[in-house]
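Scroll down for the structure; my scribbles are underneath it.
The values are calculated or read from the model by the stated rules, or taken from the named source; none is laboratory data. None of the values given here were measured: they were computed from a predicted structure. Backbone-built Cβ (ideal geometry, glycine too); neighbour counts: all protein chains shown. Heavy atoms of the whole protein, side chains included, go into the accessibility calculation; ligands, DNA and RNA do not. Shrake-Rupley method; radii C 1.70, N 1.55, O 1.52, S 1.80 Å.
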Amino acid sequence: MNIFERITKQKVPVIIFGAGYAGQVILNTCIDHNVEIAAFCDNKKNYSGQFMLGHRIIHSSELHDLFPEAIFIISAADINDVVIQLNDLHYSQWHAGGDILKFAEIGKHKYDTEFSFLDYAVSTCIQCHDAYQSPDKLFLRSVDIVITEKCSMRCKDCSNLMQYYEKPVNYDAAELTASLESFFSHIDQVNEFRVIGGEPFMNKHISETIDWLNNQEKVGRVIIYTNGTILPKGQTLECLKNKKVMMMITDYDELSKNHDRLIGTLDEHNIEYHTDKAQNWTDCASIKEHNRSIESQKEVFKNCCAKCLFTIMDGKFYRCPFSAHVDKLRATPLYEDDYVDLLSSSKELGHKIKEFIFNKDYLNSCDYCVGRFLSDKKITPGIQVSEPLKFKQYS
Ligand code: SF4
Ligand code: SF4
């Protein structure tokens, strides 16, 4: 019996969990194989009540009232989080959407994004779901590497806390490589490595890090996030021509002053990219001690959608960009439990990395953070400030 027959045999409504591009491809693949989909479900509140390819999107809080019994096809790449959520909601029947996407004929249907981006979303989902179902390998969906604290803009609500840096610096290419070498001696596979800043093109030695990642077999894709202000040239442009590279451009309208020229350059050199308006920002960048109990910090961590935005910065491995930057800024006391020092010579390093990935249930820095939740109200993105913002600094 194939996966589609196994799903329809249950005779209960079938719901796709995750209303992103992978979810849309799953819907069309199911329709192609005579599986009727009852609805999409998503944790994002602003999706609720909307329709996707003619199918209603419901919020996860509505599930029990609308579908007391259901079978789920998970399209979110972070499948582990969804499985835990479904268990908490007392639903036991689910399938990995990655298994369905292996049957997808993407070109057969129409989608409102370019084929390359869709293909990237689909292959990410397949890889993540395969890895989840083979837990013998240490696989991470995505890891960020911060190569500079410098940015060509200063956004008041930057979730990477650029607005607080008085004297931002670039990170040294050799030190970045040393961190990566240490990291990969304990990790089997990373689906996508995201090269970020600030604005990564502020670091003139960016190509050394990108070349290293391009040559690393354990890295699936190398994604570079840019704000469209700086045109890559010379060695920087050369390293982007590797087929592993994809540029993610955030378009801040007139602030992204080189956006169109950048796209022209990328088109000319056949470099893959995706450009999107700055959107879906939430108020998550303020630094304030909340004095929460440990239990409520655990609750914040559990519900935070940034808790697996693994970040390598300045030789350390963090759970999220907020904890990385408050540590670097010394905006919290020193919390050595909140990171793993990749440059330490400890024989326990591999064990510490695994524990940090799988067994962390909160960070001390969560107490200084409002948290990032999918139901958060959206704010205006890209508001600029002329001076670095003030914060309480610890010694
Ligand atoms: S462009 Fe704005 S949001 Fe992006 S890194 Fe720079 S300051 Fe942060
Ligand atoms: S709540 Fe914790 S895990 Fe989430 S962004 Fe803040 S510090 Fe990171």
Subject >> Those residues of segment 1-36 which are within 27 Å of the chain's Cα centre (by Cα), closer than 18 Å to L66 by Cα and part of a loop (DSSP other than H, G, I, E, B), in sequence order >> reply: G18, A19
**OP:** Evaluate the following for Q297: is it polar (S, T, N, Q), within 16 Å of ligand 1 (Cβ to nearest atom) and either in a loop (DSSP other than H, G, I, E, B) or surrounded by 15 or more Cβ atoms within 10 Å (Cβ to Cβ) (or both)?
**Re:** no
**OP:** Would you mind finding the one in C284, C305, C239 that is open to solvent by 40 Å² or more (accessible area, probe 1.4 Å), within 25 Å of R141 (Cβ to Cβ) and of a type outside the set (S, T, Y)?
**Re:** C305
Original post:
For segment 308-395, which strands (runs of 3 or more DSSP E) that fit wholly inside it have 2 or more residues that are more than 16 Å from ligand 1 (Cβ to nearest atom)?
Top reply: 316-318, 339-341
Original post:
Of all residues in segment 47-81 being in contact with a Lys or Arg (Cβ under 8 Å, 6 or more places away or on another chain) and small (G, A, S), which is nearest to N191 (Cα to Cα)?
Top reply: A77
**OP:** Return yes when F139 is free of Cβ contacts under 8 Å to residues at least 12 places away in the same chain and not basic (K, R) and no when it is not.
**Re:** no
Original post:
Of the conditions (1) away from ligand 1 (no atom under 14 Å from the Cβ); (2) under 22 Å from Q163 (Cβ atoms); (3) more than 24 Å from the chain's Cα centre (by Cα), K257 fails just one. Which one is it?
Top reply: (1)
**OP:** Looking only at segment 173-191, decide whether some residue is open to solvent by 20 Å² or more (accessible area, probe 1.4 Å), of a type in the set (D, E, K, R) and in contact with a Pro (Cβ under 7 Å, 6 or more places away or on another chain).
**Re:** no
**OP:** With respect to S159, determine if the residue is hydroxyl-bearing (S, T, Y), modelled with pLDDT of 95 or more and open to solvent by 30 Å² or more (accessible area, probe 1.4 Å).
**Re:** yes
Original post:
Based on what the data block shows, is T275 under 29 Å from L213 (Cβ atoms), at pLDDT 95 or above, within 13 Å of ligand 2 (Cβ to nearest atom) and surrounded by 14 or more Cβ atoms within 10 Å (Cβ to Cβ)?
Top reply: no
Subject >> First in segment 237-258 and within 21 Å of N280 (Cα to Cα), second anywhere and polar (S, T, N, Q) and outside any loop (DSSP other than H, G, I, E, B), Cβ under 7 Å, 6 or more apart >> reply: M247/T226; I249/T226; I249/T275; D251/T275
**OP:** Kindly indicate which of S134, S152, S179, S159 is touching a residue at least 24 places away in the same chain (Cβ under 8 Å), away from ligand 2 (no atom under 16 Å from the Cβ) and out of contact with any strand residue (DSSP E or B) (no Cβ under 7 Å at 6 or more places or on another chain).
**Re:** S152
